[in-house]
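J.: First, the structure itself, so that you have it in front of you.
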Amino acid sequence: MSLLSVKDLTVTLATGSGDAQAVRNLSFDVGHGEILGIAGESGSGKTMTALSLLGLLPYKGRASGSINFNGREILASTKREYRDLRGKEIAMIFQDPMTSLHPMLTIEVQLTEHLLHHRKVSKEAARKVALDLLATVKIPDPAAALTAHPTQFSGGMRQRIAIASALACEPKLLIADEPTTALDVTVQAGILKLLHQLRNDRKLSVMVITHDLGVLSSLTDRILIMYAGSEVESGPTSEILKNARHPYTKGLIAALPGKVKSASKNLTSIEGMPPELGNFPRGCAFHPRCIHAVDSCKNDLPGSLQISASHRIFCPVNPFLSSKEGDK
Amino acid sequence: MKEIIKLSDVVVDYYRNGNTVRAVAGVDLTLNSGEILGLVGESGCGKSTLGKAIVGILQPSQGEITFDGQVVKKLTRGQRPSHFRNLQMIFQDPYGSLNPRRKIGVQIADGLLVAGMSKKNALAKAEDLLEKVGLPRAAISRFPHQFSGGQRQRISIARALAASPTAIIADEPISALDTSSQAQVANLLVKLVEEFKMGMIFVSHDLSIVRRISDRVAVMYLGKIVEIGTVDQIWNNPSHPYTKALISAIPHADGNSFMPKDLPGDVPNPLSPPTGCRFHPRCQLAKPDCRISEPRLVRLSDNRDVACVLQNAGTSPNSISLD
C-alpha cells in the first residue's frame, strides 16, 4: 500500500476570465521511503498538485478526485483536519527559504513552533529536538544557530534550516518545491545529498518538484512529467531518462545542454511555448508543438499506454516509433 | 581576431557603512570579436559587478577597461561618447529591464533616436529588429506585459541590437526563463554573435549552458579569476581545484543516479577575504603555503591561465583529483 495515492485529481482555479483547470485527471502514488520527482515547466500544474495535498490552494481554488494519504481520504478534510495534517504528517519546503522562514524570529522559535503546537511538549524538550534537527541537517554549531536569525545564514544554510523545520514533527511525506533552484551548484549538491540521506535514515517519502532533469536524475526513484496540467509520462528515473517515449519528454531531454557534445553550439529546443492556464489546447495539450502529431491528437484526449509495468505514457502515436526515430 | 574589450587589473569597490567591499579584486581579461566568453562562478563572486563595470555602470577604483582602444568611463546622466554605443548590456530580469508603461517599439527605438535617426525610420528599424529576434513585426505597438519572459528577453536583445553593438555583456540572460525559452534564447544569442561578428561576455552560473555556447570560459572566485581557458580545457582537464569542484557539482541527467559532489563551506565574506589564496579555506588540496602567498595567474603550456600553486608556469597542467 502506497503512502500517498492520488486518483483523478483535478484542480480548478478562478481566473479573471472564468474557471480554469490547472491540474487535470492526475493520478500517481508515492511509496514509503520513495522519492518521486514531478517535472514540468512553469504553469504545468506541479505546484498546484503539491498545494492541493496540503489544502493550501489559492482563494476559490477547488480540488476534486481522491487523495488517499496513509490509508485515509484527505481531500475532503476540514480546515482543522488540514491544520493537524500540515507540518505533522506532510511537510513542505519551498524554493526560497527566506519566504518560509520569518526574518525577525530566531531559529529556535521557528524550529520549535510546530513541536509545541502539534506535540504539546515542553519548551525544554522542544529545544532539545531542535538541536538534534540542526545537527541532522549539518548546521555547524547548532547551539549558536538556535539564537541566530535567518539573515545570518547563507542560502544553502537557510534551506537546511527550512528542511530541519519541516522535519520537526517527523512527517511521513516531505514535499520539496524547487528546493535547489535558487542555490549554486556547489550548494545544491549538498542539499541533494542531505535529502537522500534523510530518505535512507528515516524512511522519509519525498515528492520533489523541479524542472531540472539533472536534479531528478541524482535524487529520484521515479519521475512524473507534467504538461499543461496532465501527466504525459511516468516511470522509473533511469527508464525515463534513458528511454523516454513521449515526444515532450524526449524534447526536454534533447534540450539538455550537456547531453550531446557536438561541434555545433546550437541547443535543441522545443519550438513554441507551453500554453497558458485557461488556454490549454483541445485533445492532447502538446499537439501544437509536437512533431509527431496526427489529426486525432487535435481532438481526442490521449489515453494511457503502458510501456512496461511501471512506465506509461499518454500519447497514442509515439510508442510505435522506436526511441531512436523520435530524436529527429 | 580583433581584441575588442581589454581589462587590466580592474578593481571594483562598493562602499557600505564606512566599509569597503572589494567585489572585483584585480581582473585581467580580454574579449575578442566573434567570440563568446563565459564568465562563471558562485553567487557573490563578483561576476555581475565585473559585467557592470565593463559597460561603465560602475566605476573601477583601480585599473583600466578599454573598449575598442578607448577607456570606458562611468555613465553619467549627460553625455556618453557615441563611440560606446556599440557596447551594450542585456540584463537578467526581462520584467525589470523594460519600462511597463511604454510600447515595445519606442523602447527599442530609443537608442536609434538618440543617434539622430528620424522617428519613422527608427520605428521601421525596430520592426526589423523584432523580426530578427523572432517576434512578429506587429509587436512594436504592444506593451511589455503582453509578452512572456522569453519574449521579453528577446525584446531586450532587440533593444541592445538597435545600437549595432560590436560587444554585448549578457548578465545571466537566460536564468530567469523557462526551460523551453532558455534553449531558444541561447540559440538566438549564438546566432546573432555569429551574424554580426560581435564579441559577447556571457555571465552565468549555469555551467552546462556555458559549456555549450562559449568559446572560452573564465572562472571567478571571490573577485578574482582563478582559471581561464578554452571550453575543452576547462571541462576536460580543469587545472584549478575550484574549477574542478564546480564541474563535479553539476548533476548528470543521464538516469545513472550520479550523485554530484558538494563543495563544503560558503564563499567567504568579501569584507575580510582569506589571506593567501582566496580559495584555500575550502580547498581540499591546500598546502600550508596557500594561507600565506596569493598565487598569480600563470600561463600554462597549453595556453591557459590559472592561479594555483599546484600548477607551474610553462608546464602542462597537473591533473587534479578531489577524491
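The values are calculated or read from the model by the stated rules, or taken from the named source; none is laboratory data. Predicted model, so just to flag it, every value in this text is computed and none were measured. Cβ coordinates were reconstructed from backbone atoms using ideal geometry, including for glycine residues, and neighbour counts include every protein chain displayed. When the accessible area is computed, the model is the full protein with side chains, heavy atoms only, and any ligands, DNA or RNA have been set aside. Shrake-Rupley method; radii C 1.70, N 1.55, O 1.52, S 1.80 Å.
J.: If the viscosity is 1.306 mPa s and the temperature 10 °C, what translational diffusion coefficient in µm²/s does Stokes-Einstein give for chain A when Rh comes from Kirkwood over Cα pairs?
T.: Using the Kirkwood radius from Cα pairs, D works out to 76 µm²/s.
J.: Rounded to the nearest 20 debye, what is the charge dipole size of chain A about its Cα centre when +1 sits on each Lys and Arg Cβ and -1 on each Asp and Glu Cβ?
T.: 280 debye
J.: Let me ask something else about it. For the protein assembly as shown, with only Lys/Arg (+1) and Asp/Glu (-1) charged at the beta-carbon, what is the dipole magnitude about the Cα centre, in debye rounded to 20?
T.: 1100 debye
J.: Classify the protein assembly as shown from the C-alpha gyration tensor, please: rounded if a/c falls under 1.5, else prolate or oblate depending on whether a/b exceeds b/c.
T.: oblate
J.: For segment B:236-252, just list the computed ³J(HN,Hα) in residue order, Karplus coefficients 6.51, -1.76 and 1.60, θ = phi - 60°, integers in Hz, with x standing in for Gly and Pro.
T.: Working through the residues one at a time gives 8, 8, x, 10, 10, x, 5, 4, 4, 5, 4, 5, 5, 8, 7, x, 9 Hz.
J.: Also, quick follow-up: By how many nm would the segment from B:Ser321 to B:Ser293 grow when fully extended, if each residue of separation counts as 0.36 nm and the alpha-carbon distance is taken off?
T.: 7.8 nm
J.: What do you reckon, how do B:Glu64, A:Glu271, A:Glu233 stack up by accessible area (1.4 Å probe), largest on top?
T.: Largest accessible area first, the list is A:Glu271, B:Glu64, A:Glu233.
J.: At the nearest 100 Å², what buried accessible area, both sides summed, do you get for A and B when the probe is 1.4 Å?
T.: 3500 Å²
J.: Another question about this same structure. Which of the residues in segment B:204-251 show a loss of at least 30 Å² in accessible area from their chain by itself to the complete set of protein chains, at a probe of 1.4 Å?
T.: Buried by 30 Å² or more upon assembly, which counts only protein chains, are B:His205, B:Ser208, B:Arg211, B:Arg212, B:Ala249, B:Pro251.
J.: Moving on to the next point. Listed highest first by mean packing, meaning other Cβ atoms within 10 Å per residue, what order do A:212-220, B:236-244, B:101-109, A:133-141 come in?
T.: Descending packing order for the listed peptides: A:212-220, B:236-244, B:101-109, A:133-141.
J.: How far is helix B:179-196 tilted off the main Cα axis of chain B, in degrees rounded to 10, range 0 to 90?
T.: Between the helix axis and the principal axis of chain B, the angle is about 80 degrees.
J.: Same structure, new question: Could you work out, residue by residue across B:153-164, how many beta carbons of other chains sit within 10 Å of that residue's beta carbon, and then give the average as an integer?
T.: 0
J.: Still on this structure, I have one more. Whole angstrom only: what separates the Cα centroid of segment B:164-193 from the Cα centroid of segment B:277-314?
T.: 33 Å
J.: Can you figure out the FRET efficiency of B:His83 with B:Lys120, using R₀ = 22 Å and their beta-carbon distance, to the nearest 0.05?
T.: Here the calculated transfer efficiency is 0.25.
J.: Which FRET efficiency value, to the nearest 0.05, is calculated for A:Thr15 and A:Arg62 with the Förster distance at 22 angstrom and r the Cβ-Cβ distance?
T.: In this case the efficiency is close to 0.95.
J.: Of the peptides A:64-73, B:184-193, B:298-307, how do they stack up when ordered by the mean number of other Cβ atoms within 10 Å, highest first?
T.: Result, highest mean Cβ count within 10 Å first: B:184-193, B:298-307, A:64-73.
J.: Further question on the same structure: If you count, for every residue in A:176-188, the Cβ atoms of partner chains within 10 Å of its Cβ, what is the mean?
T.: 5
J.: How high is the FRET efficiency between A:Asp141 and B:Asp28 when r is their beta carbon distance and R₀ equals 41 Å, given to the nearest 0.05?
T.: The computed FRET efficiency comes out at 0.55.
J.: So, one more: Taking chain B as a Gaussian network, where each spring joins two C-alpha atoms under 10 Å apart, which residue of B:Pro264, B:Pro281, B:Pro165 fluctuates the most?
T.: Top of the fluctuation ranking is B:Pro264.
J.: Under a Cβ-only charge scheme (Lys and Arg +1, Asp and Glu -1), can you give me the dipole magnitude of segment B:238-322 about the Cα centre, in debye to the nearest 20?
T.: 200 debye
J.: To continue, here is another question. In segment B:82-180, which chymotrypsin sites (Phe, Trp or Tyr not before Pro) are in a loop and have at most 15 other Cβ atoms within 10 Å, using DSSP for the loop call?
T.: Here the sparse-neighbourhood loop sites are B:Tyr95.
J.: If you don't mind, there's one more thing I want to ask. Rounding to the nearest 10 and keeping the result within 0 to 90°, find how far the Cα-based axis of helix B:119-132 lies from the longest principal axis of chain B.
T.: 50 degrees
J.: Taking amide H positions as placed 1.01 Å from N in the peptide plane, with prolines and chain starts having none, which residues 5 or more places from A:Val208, or on another chain, fall under 5 Å of its amide H?
T.: A:Leu36, A:Gly37, A:Ile38, A:Ala176
J.: Here's something else I'd like to know. Considering every residue in A:212-218, what mean count of other chain Cβ atoms within 10 Å of its Cβ is obtained?
T.: The mean count of partner-chain Cβ atoms within 10 Å per residue comes to 6.
J.: Another one. Amide H of A:Thr106: which non-local residues (sequence gap of 5 or more, or other chain) have their own amide H closer than 5 Å, using H built in the peptide plane?
T.: none
J.: On to the next question. So what is the accessible area of chain B per residue, in Å², with the probe set to 1.4 Å?
T.: In whole numbers, chain B has 43 Å² accessible per residue.
J.: Of all the accessible heavy-atom surface of segment B:238-322, with the other protein chains kept in place and a 1.4 Å probe, what percent is carbon and sulfur?
T.: 51 percent
J.: Can you tell me the length gained on complete extension of the stretch A:Asp84 to A:Ala148, counting 0.36 nm per residue apart and subtracting the Cα distance?
T.: 20.2 nm
J.: Same structure again: Between rounded, prolate and oblate, where does segment A:13-99 land on the alpha carbon gyration tensor, with a ≥ b ≥ c its root eigenvalues, rounded for a/c under 1.5, else prolate if a/b exceeds b/c?
T.: Rounded shape, in that the Cα axes give a/c under 1.5.
J.: Please say if segment B:238-322 is rounded, prolate or oblate, where rounded means a/c under 1.5 for a ≥ b ≥ c the square roots of the C-alpha gyration tensor eigenvalues, and otherwise the choice is prolate for a/b larger than b/c and oblate otherwise?
T.: oblate
J.: When the helices in chain A are scored as -39500 (n - 2.57) per DSSP H run of 4 or longer and the sum is shared across all residues, what 222 nm value do you end up with, to the nearest 500 deg cm²/dmol?
T.: -8500 deg cm²/dmol
J.: Continuing with the same structure: Starting from the amide H of A:Met92, placed 1.01 Å from N in the peptide plane, find each other amide H under 5 Å away whose residue is 5 or more places distant or on another chain.
T.: A:Gly87, A:Ile175
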